[in-house]
Amino acid sequence: MVILKILSCGIVILLFYGLSRRSRPKIHIPVMISCFILDMALVLYIEMSRNAIKTAVGPNPPIMKVHLVFSVAVVVLYVFQMVSGYLRYRRGGMKYHKYTGIAFMVCRVVNLVTSFLIPVTH
């Protein structure tokens, strides 16, 4: 579905906007939390409409396996980013927030790119 890919592109653009505002917590934090909510809603919709997890364990092209690895990494890194971001905001420090953020953004972009490479089945 093209609309899901457009939404995913929009979320990635919003992530880059939020990243560009990291020195302004009053903008950065709400934008990044919104991205998390939107991404998780998108994942939930895909699971509910396509049984993505059930489909993923079946025979798939190799690009689907790559996509799945990065999809799981994105979800895991979202949790790290939310927790470390909260702790950074409340206590300061948390240098690893920056580095896991870089890893998160790389994984999210690869996730987006590979989603365009997966053959569409209806």
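The values are calculated or read from the model by the stated rules, or taken from the named source; none is laboratory data. Bear in mind the structure is a predicted one, so any value in this text is a computation, not a measurement. Using ideal geometry, Cβ is built from the backbone for each residue, glycine included, and neighbour counts are taken over all protein chains shown.
Observations on the model:
- Residues (free of Cβ contacts under 8 Å to residues at least 12 places away in the same chain and in contact with a Gly (Cβ under 7 Å, 6 or more places away or on another chain)) located in region 83-99: none
- Scanning region 11-24 for residues that are surrounded by 15 or more Cβ atoms within 10 Å (Cβ to Cβ) and either among the basic types (Lys, Arg) or over 18 Å from the mean Cα position of the chain (by Cα) (or both) yields 21, 22.
- Subset of region 43-56 [in contact (Cβ under 8 Å) with a residue 40 or more places away in the chain and more than 16 Å from the chain's Cα centre (by Cα)]: none
- Considering (1) under 18 Å from residue 33 (Cα atoms); (2) at pLDDT below 95, the lone condition that residue 52 does not fulfil carries the number (1).
- Residue pairs whose Cβ atoms lie under 7 Å apart, sitting 6 or more positions apart in sequence or on different chains, and linking a residue in region 1-28 that is closer than 22 Å to residue 117 by Cα and modelled with pLDDT under 95 to a partner that is of a type in the set (Val, Ile, Thr) and assigned to a loop (DSSP other than H, G, I, E, B), do not occur here.
- Residue in region 57-71 that is touching a residue at least 12 places away in the same chain (Cβ under 8 Å), of a type in the set (Phe, Trp, Tyr) and over 18 Å from residue 119 (Cα atoms) present: no
- Condition check for residue 92: at pLDDT below 90, closer than 21 Å to residue 22 by Cβ and not basic (Lys, Arg): yes
- The single condition among (1) modelled with pLDDT of 90 or more; (2) at positive phi that residue 43 does not meet is (2).
- In region 100-109, the residues that are touching a residue at least 12 places away in the same chain (Cβ under 8 Å) and within 10 Å of the chain's Cα centre (by Cα): 104, 105, 107, 108, 109
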